[in-house]
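Here is the structure we will look at.
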Amino acid sequence: MRVDHITIDRLEKYIRTGDLDTVYGFRSMTWAQMTSVLREVEQKGRLSPVDQWMLTDYGIEKNGWQLYSYMQVGGIVSRSNPARLLETDAWMNPLVNAQQGGRFVAGGHILNIEPRLVLENAKWFSLDLWPQIRMTDDQTWDLDMFQAVLKVGVHNLELAAGQMHFKWGQGRHASMLFAGSQKPLQMIRLQNVEPTLLPGWFSFLGKGKFTLFFARMDDDQALPGSLLVGERIAFRVSPVFEFGLTQMIQVGGQGYPDVPWYENVSEVLGYRFNANETNFTNRNAMFDFRFRIPQWNNLNLYGEVFLEDCCNINFDKNIGNMLGIELPEVGRNRATTIGFEHIRTTFVYNRHFRYRSGFIYEGISLGHHIGADALGFYGFIMQDFANGFSHEFLGALEVRQVHDYSSRKNDIRTIVADYEVRERRLRGAYQVKLHFSKQWTASIQWGLEYIQGFDFALGNNKIFAAGRYQLEYSF
């Protein structure tokens, strides 16, 4: 059974239309979680003709040892260069990096070979090995491990350790935290497999899911080797409404104060023993929601509110937001999905006076690629057909470094000497996927981007283009 973005995208549609009881805001699924969702789909008989041929042969969970493997071979041909984020040391290239797990930053031609092997025994054990072999323009071969995860499960809990990639939030293209374009993190993670009803008075919240992880940041930080603690809990209060709460905090590292362990624990929980002590930590938080209107073709309204801990609450300064609207079942057999999303980040998004990298891991943001003080609009149309063919169109407009905060004397544009003009990006992408059989899948994507004021230089206008191809075989 494959746990890939194609299968997850198809299953997410049933969550958005209210056919399943699970929580949408946890966008990634482990093998056990995928099995749980597939079991619910089969039991409720909700599969549309579009998905009937693809998902029914997966079957529900089997006992004993199972070995799953598949191979992805693909590449990118691009005439595009990565751009800097002024407020951090991160880089972004949305034409080739968006939603690809931080695999690609530079342009040129990159050939990628990714075998994946998963050994599992029902819920209680799995070993996921996902190496990446990459050849660049200069004929240099590199070997990296995209994922290497060992997981053990007890009842409805699973504990995993290794290098992992995941996606959180409500947005498809505009999520503000762990949107999927970040690099995988080395971590220890605890979470539940199936949504759980809390006992007693808290049962009114409905079924909930949680995740807690501890990850080691890279050494390219103000305090190298810091620890990243992430927490997320989300509830499906009713068939038409869910919400989630997320917190991330960066603590420790070289140069961090030598304090007792319990003070670090209290710092993660939000309590400081000495209020006058220098703030070495870096924290942000997010509230997200999704509301479905069944009477209007299951119209979904969703959003995220992002808070950076730099200062007192100020909507103009440290509270960003994302809003989206989506129709998940337009046309026959729920074949078409139409959506629009908007994101607005403030000038302290992913910034910190002491952690100069903000929430940056190995040069790529853990948040949205657009960076601080930016504005983005995204429209998308997706269609699935019963013959295994699907396609998607995305249009995007992004403006980076939007407003003038010079009156505050700390605007990034008054600090960076070579800043000249805000950057505007107009982007379009089209993707085609074709399932030749149960085993073979192919996809091709084209992208074109016009950039006015590239890298914030006056008159530096660019036209970038990129193409991506991928062939996948499931054994």
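The values are calculated or read from the model by the stated rules, or taken from the named source; none is laboratory data. Note that the coordinates shown come from a computational prediction; the quantities given were computed from them, not determined experimentally. Because the Cβ atoms are built from the backbone with ideal geometry, glycine has one as well, and the counts that use them run over all protein chains shown.
Are there any pairs, at least 6 apart or on different chains, whose C-beta atoms fall under 8 Å, with the first in the range 388-400 and of a type in the set (A, V, I, L, M, F, W, C) and the second buried (at least 17 other Cβ atoms within 10 Å of the Cβ) and not in a strand (DSSP E or B), and if so, which?
Note: pairs meeting the criteria are LEU394/HIS173; ALA396/PRO94; ALA396/HIS173; VAL399/ARG422.
Taking only the range 277-306 into account, find how many residues are without any contact (Cβ under 8 Å) to a residue 40 or more places away in the chain and farther than 13 Å from GLU326 by Cα.
6
Here is a check on your reading of the model: is LEU448 among the hydrophobic types (A, V, I, L, M, F, W, C), at pLDDT 95 or above, surrounded by fewer than 18 Cβ atoms within 10 Å (Cβ to Cβ) and touching a strand residue (DSSP E or B) at 6+ places or on another chain (Cβ under 7 Å)? Give the derivation first.
On the way: among the hydrophobic types (A, V, I, L, M, F, W, C): yes; at pLDDT 95 or above: yes; surrounded by fewer than 18 Cβ atoms within 10 Å (Cβ to Cβ): yes; touching a strand residue (DSSP E or B) at 6+ places or on another chain (Cβ under 7 Å): yes.
So LEU448 fits the description; yes.
Of all the strands (runs of 3 or more DSSP E) wholly in the range 411-475, which have at least 1 residues that are free of Cβ contacts under 8 Å to residues at least 40 places away in the same chain and under 25 Å from the mean Cα position of the chain (by Cα)?
Correct list: 423-435, 440-452.
For the range 15-30, name all the residues that are under 29 Å from TRP130 (Cα atoms), of a type outside the set (Lys, Arg) and crowded, with 20+ Cβ neighbours inside 10 Å.
Residues satisfying the conditions are ILE15, THR22, VAL23, TYR24, GLY25, PHE26, MET29, THR30.
Residues that are without any contact (Cβ under 8 Å) to a residue 12 or more places away in the chain and touching a Lys or Arg at 6+ places or on another chain (Cβ under 8 Å): find the strands (runs of 3 or more DSSP E) completely inside the range 60-166 holding 1 or more of those. I'd like the intermediate steps shown before the answer.
Numbers: elements: 65-79, 108-121, 125-135, 141-154, 157-164.
By residue number, 141-154.
Given the conditions (1) under 22 Å from GLU87 (Cα atoms); (2) within 21 Å of the chain's Cα centre (by Cα); (3) aliphatic (A, V, I, L, M); (4) surrounded by 15 or more Cβ atoms within 10 Å (Cβ to Cβ), which single one is not true for LEU397?
All conditions are met except number (4).
Given the conditions (1) at negative phi; (2) touching a strand residue (DSSP E or B) at 6+ places or on another chain (Cβ under 6 Å); (3) modelled with pLDDT of 80 or more; (4) crowded, with 17+ Cβ neighbours inside 10 Å, and given that SER69 satisfies all but one, which numbered condition is not satisfied?
With respect to (1) at negative phi; (2) touching a strand residue (DSSP E or B) at 6+ places or on another chain (Cβ under 6 Å); (3) modelled with pLDDT of 80 or more; (4) crowded, with 17+ Cβ neighbours inside 10 Å, SER69 is out only on (4).
Taking the range 173-219, which residues are outside any strand (DSSP E or B), surrounded by 15 or more Cβ atoms within 10 Å (Cβ to Cβ) and of a type in the set (Phe, Trp, Tyr)?
If the condition is that a residue be outside any strand (DSSP E or B), surrounded by 15 or more Cβ atoms within 10 Å (Cβ to Cβ) and of a type in the set (Phe, Trp, Tyr), then PHE178 is the only one that fits.
Can you pull out every residue in the range 140-188 that is of a type in the set (Lys, Arg), modelled with pLDDT of 90 or more and closer than 17 Å to PHE359 by Cα?
Answer for the range 140-188, where residues must be of a type in the set (Lys, Arg), modelled with pLDDT of 90 or more and closer than 17 Å to PHE359 by Cα: just LYS183.
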